[in-house]
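Written out below as C-alpha cells is the structure these notes cover.
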Amino acid sequence: MALRNVAVLGCGLMGSGIAQVCAQAGNDVTIIEVSEDLLRKGLGKLETGLNKLVERGKLASDSRDQTMSHLRGSTNLEDAAKADLVIEAIIENLDEKHKTYSQLDRICQPETVFASNTSSLSITQMMVAAGPERQRRFIGMHFFNPVPIMKLVEVVRTIVTDPDVYTQAVEFARSIGKVPVQTSDRTGFIVNRLLVPYMLDAIRALEEGVATIVDIDTAMKLGCGYPMGPFTLTDFVGLDTTYYIANIMFDEFREKRFAPPPLLKRMVMAGFHGRKSGRGFYDYQDPDNPKPLSL
C-alpha cells in the first residue's frame, strides 16, 4: 500500500516542517493541533517560510501554491481516520503520547501506519498504548531540525515491527526527498547516542578548566571540520532539551557518558535554555554577535 494520505500531529517547529516536506512531495496532509490558535500560528509560519523561499528564488510560486493546496488544518483527531500514515510530533511526554495513540488506535484504519518523531523516547514504550495488531505497524521516523533543509530521517523498528511496514516507511522517507538510515529501538537511536555524549563532554571540559567556551568551539570547528562548536550547537538545540534527552539516556544505560554534568543542570534551572531564551553558553542580546558567558 502506498502511503499517500498523511496526518501530522502537532504544528510546532517539527510538525509544520514534516507537513511541509510531505505536501511538497505531493501527499495530501492533514495537520492536527490541540487548539485553533496553535494551528493558525503553525500554518502561518509554514506559509511564511514558503513565501520567503519564493522571494529568494528557491521555490516557484506555483510550487508554493501546489504545496499549500495539499495542506489541511484541523483540531479534531478524528480527521486522522483516513490517513495511510500518521506522524506524531507532539510534546515529548510519554503519558500524552499514550493517550494520543490509544485514541488513534480506535479512530484509524487497521492498515494505517503509526510513526513517532520522538528523538529520545522508546518506540516500544509508546506502542503499548495501541492494540496488538497495531503494534506491528508502529515505527519511529525521527526527522531533524530544520526539517525542510535537513536530509536525514532515522527510521526506527521495534522487535515486533512488520518488515513490510518498515520497508514502506523507508521508501516513504525517500519519496519525500529524505535520506533514511535504518536503526533499531535503542534510546538515542544513532545520532543522539553519539552526539549527546560529545556535547556533555564539552561541558565537562569547560567545568574542568580545559579551555574557554570560545576556544573549545573554535577547536572543534577548525580541528574537526564541524559547522559549529559544541556550545553553539547546545544553544541551538536548547540546554533544557539536551538535559532532558541526557536524563532519558542515562536512565536507560546507566553509563557516566550519558549523565548530565552539574553545570548543565544549574544552567537549565536558572533558565539559561540557549537561543530560545536569549541566554545559554552565549548571550544572544545581539543575535548576530553572541557573546560567551563568564561561567
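When the residues of region 166-193 are filtered to those that are assigned to a helix (DSSP H, G or I) and within 18 Å of the chain's Cα centre (by Cα), the one that is surrounded by the fewest Cβ atoms within 10 Å (Cβ to Cβ) is 174. Entry remark, region 33-70: residues being charged (D, E, K, R), part of a helix (DSSP H, G or I) and farther than 26 Å from residue 104 by Cα number 7 in total. Just to be sure I understand, how many residues within region 102-126 are in a helix (DSSP H, G or I) and under 18 Å from the mean Cα position of the chain (by Cα)? The number of residues fulfilling the criteria is 4.
For residue 235, the test of being more than 18 Å from residue 206 (Cα to Cα), among the charged types (D, E, K, R) and within 22 Å of the chain's Cα centre (by Cα) is failed.
Here, each number is a calculation from the coordinates, and none is a lab measurement. Note that the coordinates shown come from a computational prediction; the quantities given were computed from them, not determined experimentally. Cβ atoms come from the backbone with ideal geometry, glycine included; neighbour counts cover every protein chain shown.
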